[in-house]
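A short write-up of the structure that comes next.
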Amino acid sequence: MAATAAPGGTPAADGALGDGVPYAVELRGITKRFPGVVANRDIELRVRRGEVHAIVGENGAGKSTLMKTLYGMHRPDEGTILLDGREATLRSPADAIAAGVGMVHQHFMLADNFTVLENIVLGSEPTRRGRLDRAEARRRILDISDRYALHLDPDVLVEDLGVGDRQRVEIAKVLYRGATTLILDEPTAVLVPQEVDELFGNLAELKREGLTVMFISHKLDEVRKVADSITVIRRGTTVGTADPRTTTARQLAELMVGSELPSPETRTSTVREAAVLQLSGVTVAALTGRPAVDDVALTVREGEVVGIAGVEGNGQAELVEAIMGLRPLAAGSVAFAGQDVSGWSTRARREGGIGFIPEDRHRQGMLLEAPLWENRILGHQTRPPAVKGPFIDRRSARSDTERIMREYDVRAPGPDTLAHALSGGNQQKLIIGREMSAAPRLLIAAHPTRGVDVGAQSAIWELLKDARAEGMGILLISADLDELIGLSDTLHVMLRGRLVATLDPAALTPEELGGHMTGAHDGSVGAA
């Protein structure tokens, strides 16, 4: 693998390739500081027009900050941004969009109760005599859909769409606004393999039409499959570029974090007889239509990892909330360690020995405007080290936060740092450290490695394996199919609120699992 100054050509002094064609995007010496943190330091990045360019690096490396700077969400403290060879000053996302740069965020920004058409044109509505010109909007959306093979129906409500379709709506939104350079943040994080293939087909269409795509990803095999060139960022600065045709995933991982690619594989059984979680006929009502969770029964034993696979929106989130007491049961029961806890509060369940890694760390797992030590005691504020008598013990909470930061490699200046200043991966490691420190008998782990780099992912997998070996029961919900197959002792598939298959992970491929998740298979294959 060769590290070069610029993929695909030799840079000229004027910001162009050796053949005189300007780069679509060129970043020179970009530095961005936040209080106590240098997020980007002297970044150099060059992207050719009409290529798919990947940006990889471990959590906290500065990838998202860099892309948000290119999208006008941050102003660089030093350095220059050039678009198609011309220097650009981007004070806001509106400036970036006007300059032809659009961004699709990892967490979609769509209104579920609006149609595809209404979501796409929102804020950029074509008007006729002061009113929305739906005919013109429809014409433009269908033209974009046909041109880039997005397969969109303008009249469908977004709430009725799957994750892959929602992502295509987000892509259409930026194309509708005239973007010629697209930034995608973790675009495959929540997609099943079939949806990933469809997305890559969409990216190929964008490339054929001369558009430029830049995307952040932690999935190195996917990066090598779809990217024309790769930039690697480590600890806030660029450390090299790579040609995916001649670079292995292992070499990329070593360049990113100095270690081999992790594996979730674990096949030595540690399952014990005692059940720590038993769900019987669990049903959770939805606002309308069929139940969000429909007559679910499952058991998690000591030393067992039970995985639940499913396309997002099929009831996994509601099931987790029902187990944690965050959502009422319409029917059925939840038993923990042989005791019916269906009527217990969330606090009582937590104090009784149930740990919780939430799906949405910002909404359910952290207080972003609070310091790390307060987030360390969140949900555990009735027990040491959080309390001393009837009072919060700030000194002990700070000290224990420092311990978690050391043991779980949470990279931040100190325990008084505000949570929003951390990268998503470092936020996740703090939450996992907090939950594991309470030594729960049962851990509900919803997407525990979402948005973390390969190094942090490996560490989290090892923590879960160690906890399993010591007798902890774990209910694992994940969109990472390799993670589910590798870590789970038993694997269930959830579709439309029901468990539709029970599978043996040792006899299963990601493609087969994806087929069950999308309803392509009936019954169960390799039943456990």
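The values are calculated or read from the model by the stated rules, or taken from the named source; none is laboratory data. Note that the structure is predicted; figures quoted are calculated from it, not measured. All Cβ positions, even for glycine, are placed from backbone atoms using ideal geometry, and neighbour counts span all protein chains on display.
Quick check, is D133 over 26 Å from the mean Cα position of the chain (by Cα), surrounded by 15 or more Cβ atoms within 10 Å (Cβ to Cβ) and farther than 21 Å from L150 by Cα? For D133, the condition - over 26 Å from the mean Cα position of the chain (by Cα), surrounded by 15 or more Cβ atoms within 10 Å (Cβ to Cβ) and farther than 21 Å from L150 by Cα - is met. Among the residues of the stretch 313-354, those identified as farther than 24 Å from R383 by Cα and of a type in the set (D, E, K, R) are E318, R327. Restricting attention to the stretch 333-355, the residues being over 20 Å from V293 (Cβ atoms) and out of contact with any Ser or Thr (no Cβ under 8 Å at 6 or more places or on another chain) number 8. With respect to the conditions (1) assigned to a helix (DSSP H, G or I); (2) in contact with a Gly (Cβ under 9 Å, 6 or more places away or on another chain), D409 lacks only one, and its number is (1).
Listed here are the residues, each with its yes/no results for (1) in contact with a helix residue (DSSP H, G or I) (Cβ under 6 Å, 6 or more places away or on another chain); (2) within 22 Å of H516 (Cβ to Cβ); (3) of a type outside the set (G, A, S); (4) not assigned by TED's automatic domain parsing to the domain that holds A227.
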{"site": "V169", "(1), (2), (3), (4)": "yes, no, yes, no"}
{"site": "V174", "(1), (2), (3), (4)": "no, no, yes, no"}
{"site": "Q194", "(1), (2), (3), (4)": "yes, yes, yes, no"}
{"site": "G210", "(1), (2), (3), (4)": "no, no, no, no"}
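For R250, are the conditions met, namely being basic (K, R) and touching a residue at least 40 places away in the same chain (Cβ under 8 Å)? Here the answer is no, as R250 does not meet what is asked. You will find that of T127, T115, the residue that is polar (S, T, N, Q) and within 30 Å of Q316 (Cα to Cα) is T115 and no other.
The set of residues from the stretch 210-242 being over 24 Å from S458 (Cα atoms) and surrounded by fewer than 17 Cβ atoms within 10 Å (Cβ to Cβ) comprises just one member, G210.
Of all residues in the stretch 217-229, those being of a type outside the set (D, E, K, R) and modelled with pLDDT of 90 or more number 3. Within the stretch 467-486, residues that are on the phi > 0 side of the Ramachandran plot reach no partner that is of a type in the set (S, T, Y) and modelled with pLDDT of 95 or more with beta carbons closer than 6 Å at six or more positions or on different chains.
Candidates are the residues of the stretch 320-334 that are over 18 Å from R441 (Cβ atoms) and crowded, with 21+ Cβ neighbours inside 10 Å; the one that is farthest from the chain's Cα centre (by Cα) is A322. Could you list, in sequence order, the residues of the stretch 171-194 that are touching a residue at least 40 places away in the same chain (Cβ under 8 Å) and within 30 Å of T509 (Cα to Cα)? Residues satisfying the conditions are I171, L184, D185, E186, P187, A189, V190, L191, V192, P193, Q194. Entry remark, the stretch 195-204: residues being crowded, with 20+ Cβ neighbours inside 10 Å and without any contact (Cβ under 8 Å) to a residue 24 or more places away in the chain number 0 in total. Screening K207 on (1) surrounded by fewer than 16 Cβ atoms within 10 Å (Cβ to Cβ); (2) in contact (Cβ under 8 Å) with a residue 60 or more places away in the chain; (3) assigned to a helix (DSSP H, G or I) shows it passes everything except condition (1).
Comparison of A348, A337 shows that the only residue that is among the hydrophobic types (A, V, I, L, M, F, W, C), surrounded by fewer than 16 Cβ atoms within 10 Å (Cβ to Cβ) and in the same structural domain as D480 (by TED's automatic domain parsing) is A348. Residues of the stretch 492-514 that are buried (at least 20 other Cβ atoms within 10 Å of the Cβ) and assigned to a helix (DSSP H, G or I): P505, L513, G514. Q194 satisfies every condition listed in (1) polar (S, T, N, Q); (2) at pLDDT 85 or above; (3) assigned to a helix (DSSP H, G or I) except (2). Residues of the stretch 230-257 that are part of a strand (DSSP E or B), of a type outside the set (V, I, T) and modelled with pLDDT of 90 or more: A242 alone.
Table: residues versus (1) in the same structural domain as D160 (by TED's automatic domain parsing); (2) surrounded by fewer than 20 Cβ atoms within 10 Å (Cβ to Cβ); (3) of a type in the set (V, I, T); (4) more than 26 Å from the chain's Cα centre (by Cα).
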{"residue": "V37", "(1), (2), (3), (4)": "no, yes, yes, no"}
{"residue": "R41", "(1), (2), (3), (4)": "no, yes, no, no"}
{"residue": "S64", "(1), (2), (3), (4)": "yes, no, no, no"}
{"residue": "I81", "(1), (2), (3), (4)": "no, no, yes, yes"}
{"residue": "A98", "(1), (2), (3), (4)": "yes, yes, no, yes"}
{"residue": "M103", "(1), (2), (3), (4)": "yes, no, no, no"}
{"residue": "D112", "(1), (2), (3), (4)": "yes, yes, no, no"}
{"residue": "G123", "(1), (2), (3), (4)": "yes, yes, no, yes"}
{"residue": "T127", "(1), (2), (3), (4)": "yes, yes, yes, yes"}
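Kindly check whether there is at least one residue in the stretch 277-295 that is in a strand (DSSP E or B), of a type in the set (D, E) and out of contact with any His (no Cβ under 9 Å at 6 or more places or on another chain). Yes, the stretch 277-295 has at least one match. Residue-level analysis places A439 among those that are surrounded by fewer than 17 Cβ atoms within 10 Å (Cβ to Cβ), of a type outside the set (S, T, Y) and modelled with pLDDT of 90 or more.
Pairs meeting the criteria (first residue in the stretch 144-156 and over 17 Å from V174 (Cβ atoms), second residue modelled with pLDDT of 90 or more, beta carbons under 6 Å, at least 6 apart or on different chains) are D155/T115; V156/V116.
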